[in-house]
Amino acid sequence: MDFADFVAQRRAVLVRTVVLLGCPSGDAEDLVQTALLKCYRSWRRVSRADNPDGYVHRILLTTFYDARKRRWNGELPTEVLPEGPTVRPDWETGIAVRRALAQLRPVEREVLVLRYYADLSERDTAAALGVAPGTVKSRTARALAALGPLLEVPDAR
């Protein structure tokens, strides 16, 4: 697969992954753009990897961590706000999930987002996080246990 096809197919998932990790939407777009630029520069190596998705997610996480370390002071207040985003019908569920994920520890949030949103396997998640597959399993179990009480589950009557 060439780079343009990869970006066309996976960009939205990459942006949503970073948003679910706690990055504001606008910043997530910039962060994914930066990560994809890094991928483009070494696309031969990325595309030849056993799992290009895992490789790209690892680059994305590294870029995310680096961005969190930097302090940004370039925002300027404005009197007139731009038009707000359009609301999707399932916005309540999305907000509930994002709030619950935000209450988890970062290592728990990362493993859940990579496993269940980015749909990476345990092995690929382990590679992206730089940990053993057993660590992914234990973190996933702890994260799911912690997430349950944070989400309101409708009564199954």
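Highlighted here are the helices (runs of 4 or more DSSP H) found entirely within segment 94-157 that include at least 3 residues which are out of contact with any helix residue (DSSP H, G or I) (no Cβ under 7 Å at 6 or more places or on another chain) and free of Cβ contacts under 8 Å to residues at least 12 places away in the same chain: 133-147.
Within the option set Leu21, Leu61, Leu36, Leu14, being of a type outside the set (S, T, N, Q), buried (at least 19 other Cβ atoms within 10 Å of the Cβ), out of contact with any strand residue (DSSP E or B) (no Cβ under 8 Å at 6 or more places or on another chain) and without any contact (Cβ under 8 Å) to a residue 40 or more places away in the chain holds for one residue only, Leu36. Being modelled with pLDDT of 90 or more, more than 15 Å from Arg16 (Cβ to Cβ) and among the polar types (S, T, N, Q) is a condition met by no residue of segment 80-87. Give segment 38-53 a look and list any residue that's assigned to a helix (DSSP H, G or I) and under 14 Å from Glu122 (Cα atoms), or say none. Scanning segment 38-53 gives a single hit, Asp53.
Going residue by residue through segment 54-69, is there one that turns out to be closer than 17 Å to Arg10 by Cβ, modelled with pLDDT of 80 or more, basic (Lys, Arg) and part of a helix (DSSP H, G or I)? Yes, because at least one residue in segment 54-69 is closer than 17 Å to Arg10 by Cβ, modelled with pLDDT of 80 or more, basic (Lys, Arg) and part of a helix (DSSP H, G or I).
The values are calculated or read from the model by the stated rules, or taken from the named source; none is laboratory data. In this text, all values refer to a predicted model and were calculated from it rather than measured experimentally. FYI the Cβ positions are ideal-geometry reconstructions off the backbone, even for glycines, and counts take in every protein chain you see.
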